[in-house]
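Structure, as structure tokens:
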Amino acid sequence: MAKESKNNNDKLKNRTRKKPLEILIKIFKLFLWTGLIVSVLAMAGAFAFYMHISRELPKIETLDDYRPPVVTTVYSADNKKIGEFFTERRFVIPVSEMPDMLKNAFISAEDDRFYEHKGIDIVSIARAFIKNLKAGAIVQGGSTITQQVTKSFFLTPEKTYRRKLKEAILAYKIDRRFSKDEILFLYLNQIYLGSGAYGVEAAAETYFGKRAEELDLSECALLAGLPQAPSRYSPFNHPERAKERQSYVLNRMATEGYITAQQAAEAKKNILNIQQRQNYFEDEVPYYAEYVRQYVEKKYGRDALYNEGLQIHAAVNVEMQKIAKQAVEKGLRDLDKRQGFRGPIKHVEDGDREAYLQELSEKYKKTPLEQGDIVEGLAIDIDDRGKKVAVSFGDEKGTIPLKNMGWARKPNPKISYSSAMIGKPSQALKAGDAIHVELLEKNDGSNIWTLALEQVPKVQSALLCMEAETGHVIAMIGGRDYSESQFNRAIQSRRQPGSAFKPIVYAAALDKGYTPATVILDTAVVYKDANMTWKPKNYSAKFYGPTLFREALTHSRNLVTIKILKDIGVDYAIDYARKLGIESHLERNLSIGLGASGVSLLELVTAYSVFANQGYRFEPVFVAKVLDRHGKVLEEAGIQKRKVIEETTAYLMTSLLKSVVEGGTGKRVLALNRPAAGKTGTTDNEYDAWFMGYTPAYITGTWVGFDQEAPLGRREGGSRAAIPIWLDFMSKILDGKPVRQFQEPMGLVYAKIDGETGLLPIAQSKNTYWEVFKEGTAPTEYTPKPEARSEYDDFFKNNL
């Protein structure tokens, strides 16, 4: 019994011993199953979350066709960059055009394990995670270059863990699909590097004025230091910080073994030539570039213009454009002086002069003074006895002799400038006047400038030059200063052309049977209608009696022109003007013969080009070629011309307009010393002054006037106000070029005529010369003998 009891006790003890073990085993199994289930659930949840996130992710396949916004560039005919249009200033270049040290600099600064990781750098992420936990916020990203590509192309810059997860997934996918060089291609072309530059090519030009492939080590390191904070490390605004960041990049490159410590040290010593990016648009040909911009946007759309990287080749010649700008500036300054002195910029009182001079001193330290500059200065002493004015511009001084300011009379458009020159400096200036002066030369030894008094012109001008035989517009000035006014007076403005319109009437008359020897009576006429009475008169207010067609145009006779227009018909003349390229509205009355309807300078140049081109009208070409970003030609302007008048008519007009230059209102053009034809134009009250002229090579038109119509001054017509600009420009662009003659077509004959009657001469004829005619139109009658003249004169008086 006792034994049985003992066995029972032993069994009980064994059970007691086994129970905790079984419990532990069961607990372990429970934890094991629970962990397994949790892991499976976690994995399922993670997979589900991954699938959910993945559905939100963009397709990385879009990177196969990398097509970012790039710069549209405009080039001149002489292959100079004259304009850029963009939303993001970027030039995409292949990795092969990026120096190895440039790529290595970015890798060292941004992702030193770039070639080792699979798009995500776990070490960097862990390091960033710990720092973020300590900071209690996201303060470090630990992003790889591949992750930066994903953020730039696909994600927002927000700092959340959800976005970081998306970024990591995308980076991994991108690394599996693309090679490291392909990823670098995307990164280095896409990244923003400050100052409006996207990508390394644009940044190289922005900061150093060169291409990326031309960068040296020190320059590469500076660019590689910018992605972290382009504004903070801007070499323009914060050169010290930029230098510190450059030093950091060079040290990283040395640590990573891309360069030696000695190379890094030498690169740090290099003085960087940081230069402000040139504003091609405003610096070169702004009016022309803006016209091209409008043309391309209208034809191809705004997106193509600003994002598609078009290559636009304009017809403009930059060197000729510079000559045109200089000619306009000089012509307007000379005219402005003839109009008189409008007074100083301001008057500076005694107590303020020192501060004012200090401002000038600081200003000219940044931009040193050079001969030919027009600068602001302060008149400090007026010496009537010595006939000079002492001027200071801070640290430097100069003197204006009376001869260089004698023009500074009070403005009065009713009197000639030459009769109102000032006799002493005090008539124009007093001490304390702030003025503009031109630096002429610096006197030897004294370091004192000789100066000329200047002022900013208010009058405006336009110039347009078209190349004969192509229609290419090689120069266009739309105003004195684009920065002050973007209104293009060569194209947008419609002004009365005055007598510059007369050649259109005369050309129309030649096709109606008139000849250069036709006689028209220059006498008073009066035209009345229900609303008004019109009494046109000649500029000289005189009447000249019987006048030959050639003489009438040579001397710009208004009354003869009106009679011709009335004879051929206003509607016929308007239709003729349309053929020549005049598209503006023309009033259906006789006043159009005197240029009373407004036209553009471009229209007149086009019309005159028909005379220069033997009757062919060339469409003006501003854009010669447009290519897309891949170099495919989208358009190419060939020579677009059509015959609108007979060759013989065109040549007769050239012959007639040569007479204007040789003996009429355009005589100043004789200084060109080569064949030229043209016509002046002056409107009532000298509001507008024109000269339209051409040689066998170029057709150029100039206009001068105030935007708000006002008199240019007494006798300031086309001859005095417009021709000097035309002559200055044409003489320079033709300098060194061979002299060409106007080509004479078939179908013309020459006959000697009497200069008074237009008929064949007789022995008693006093003025005879050879005249040109279309075949079959030369005179066949002889001039009446002196005793028969009275009857001849009576005929004109009664019939014309």
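The values are calculated or read from the model by the stated rules, or taken from the named source; none is laboratory data. Small disclaimer: the values here were computed from a predicted structure and weren't measured. Counting neighbours? That spans all protein chains shown, and the Cβs are built from the backbone with ideal geometry, glycine included. For the accessible areas, the whole protein counts, side chains as well, though only heavy atoms, and no ligand, DNA or RNA atoms are used. Shrake-Rupley method; radii C 1.70, N 1.55, O 1.52, S 1.80 Å.
For TYR514, the conditions (1) of a type outside the set (Asp, Glu); (2) buried (at least 24 other Cβ atoms within 10 Å of the Cβ); (3) not in a strand (DSSP E or B) all hold with the exception of (2).
Take SER609 and decide whether it is of a type in the set (Gly, Ala, Ser), modelled with pLDDT of 95 or more and under 26 Å from ILE312 (Cα atoms).
For SER609, the condition - of a type in the set (Gly, Ala, Ser), modelled with pLDDT of 95 or more and under 26 Å from ILE312 (Cα atoms) - is met.
Taking every residue in the range 337-361 that is within 21 Å of LEU453 (Cβ to Cβ) and pairing it with any residue that is open to solvent by less than 30 Å² (accessible area, probe 1.4 Å) and part of a helix (DSSP H, G or I), at least 6 positions away or on another chain, the pairs with Cβ-Cβ distances below 7 Å are VAL348/TYR356. I need the full set of residues from the range 610-634 which are without any contact (Cβ under 8 Å) to a residue 60 or more places away in the chain and either of a type in the set (Lys, Arg) or closer than 30 Å to PHE91 by Cα (or both), in order please. Once the filter is applied, which keeps residues that are without any contact (Cβ under 8 Å) to a residue 60 or more places away in the chain and either of a type in the set (Lys, Arg) or closer than 30 Å to PHE91 by Cα (or both), the range 610-634 yields ARG617, HIS630, LYS632, VAL633. The residues of the range 650-679 that are open to solvent by 10 Å² or more (accessible area, probe 1.4 Å) and either under 21 Å from ALA462 (Cβ atoms) or part of a strand (DSSP E or B) (or both), listed by number, are THR665, ARG668, LEU672. From the list ALA202, ALA221, ALA229, the one residue that fits, being in contact with a Leu (Cβ under 6 Å, 6 or more places away or on another chain) and among the small types (Gly, Ala, Ser), is ALA221. Quick check: anything in the range 491-501 among the aromatic types (Phe, Trp, Tyr), under 45 Å from the mean Cα position of the chain (by Cα) and surrounded by 22 or more Cβ atoms within 10 Å (Cβ to Cβ)? Yes, the conditions are met somewhere in the range 491-501.
With respect to GLY372, determine if the residue is closer than 16 Å to LYS442 by Cβ, modelled with pLDDT under 90 and either in a loop (DSSP other than H, G, I, E, B) or over 36 Å from the mean Cα position of the chain (by Cα) (or both). So GLY372 does not fit the description; no. Mind checking which residues of the range 753-787 are among the basic types (Lys, Arg) and surrounded by 14 or more Cβ atoms within 10 Å (Cβ to Cβ)? Passing the criteria: only LYS774.
Pick from ALA264, ALA315: which is within 17 Å of the chain's Cα centre (by Cα) and of a type outside the set (Phe, Trp, Tyr)?
ALA315
Flag set for ALA202, criterion: touching a strand residue (DSSP E or B) at 6+ places or on another chain (Cβ under 9 Å) and either closer than 21 Å to GLN148 by Cα or assigned to a loop (DSSP other than H, G, I, E, B) (or both).
Contact map, the range 259-284: residues that are more than 13 Å from GLN246 (Cβ to Cβ) paired with residues that are of a type in the set (Gly, Ala, Ser), Cβ distance under 6 Å, separation 6+ or inter-chain. Pairs shown: ALA261/ALA254; GLN275/GLY209; TYR280/GLY83; PHE281/GLY83; PHE281/ALA289. Every residue in the range 188-207 that is over 12 Å from ARG89 (Cβ atoms) and open to solvent by 10 Å² or more (accessible area, probe 1.4 Å), please. Across the range 188-207, the qualifying residues are GLN190, ILE191. The C-beta contact set for the range 753-773 (first residue under 21 Å from TYR651 (Cα atoms), second residue hydrophobic (A, V, I, L, M, F, W, C) and not in a strand (DSSP E or B), distance under 7 angstrom, 6+ apart or interchain) comprises ILE753/ALA517; ILE753/LEU759; GLY758/ALA517; GLU771/ALA517; VAL772/LEU652. Restricting the search to strands (runs of 3 or more DSSP E) fully inside the range 398-477 and requiring at least 2 residues that are among the β-branched types (Val, Ile, Thr) gives 433-442, 473-477.
On the basis of being open to solvent by 40 Å² or more (accessible area, probe 1.4 Å), in contact with a Gly (Cβ under 6 Å, 6 or more places away or on another chain) and touching a residue at least 12 places away in the same chain (Cβ under 8 Å), does GLU709 make the cut?
The answer is no for GLU709.
Could you please find all residues in the range 218-239 being open to solvent by less than 30 Å² (accessible area, probe 1.4 Å) and over 18 Å from GLN278 (Cα atoms)? Scanning the range 218-239 gives SER218, GLU219, CYS220, ALA221, LEU222, LEU223, ALA224, GLY225, LEU226, PRO227, ALA229, PRO230.
When the range 680-702 is examined, which residues are found to be part of a loop (DSSP other than H, G, I, E, B) and closer than 10 Å to GLY718 by Cβ?
First pass over the range 680-702, keeping only residues part of a loop (DSSP other than H, G, I, E, B): 683, 687, 695-697.
THR683 - this is the single residue of the range 680-702 that is part of a loop (DSSP other than H, G, I, E, B) and closer than 10 Å to GLY718 by Cβ.
Of all the residues in the range 559-609, those that are over 25 Å from GLY705 (Cβ atoms), more than 31 Å from the chain's Cα centre (by Cα), in contact (Cβ under 8 Å) with a residue 40 or more places away in the chain and open to solvent by 30 Å² or more (accessible area, probe 1.4 Å) number 3.
Scanning the range 410-433 for residues that are crowded, with 19+ Cβ neighbours inside 10 Å and at pLDDT 95 or above yields PRO425, ALA428, LEU429, ASP433. Candidates in the range 636-649 are the residues that are part of a strand (DSSP E or B) and touching a residue at least 24 places away in the same chain (Cβ under 8 Å); of these, the one that is surrounded by the most Cβ atoms within 10 Å (Cβ to Cβ) is LYS641.
Of all the listed residues (ASN531, ASN443, ASN447), the sole one being open to solvent by 50 Å² or more (accessible area, probe 1.4 Å), at positive phi and not small (Gly, Ala, Ser) is ASN447. Within the range 364-414, the set of residues being aromatic (Phe, Trp, Tyr) and under 19 Å from GLY343 (Cα atoms) comprises PHE393, TRP407. In summary, VAL459 fulfils each of the numbered conditions (1) under 27 Å from ALA552 (Cα atoms); (2) open to solvent by less than 10 Å² (accessible area, probe 1.4 Å) with the single exception of condition (1).
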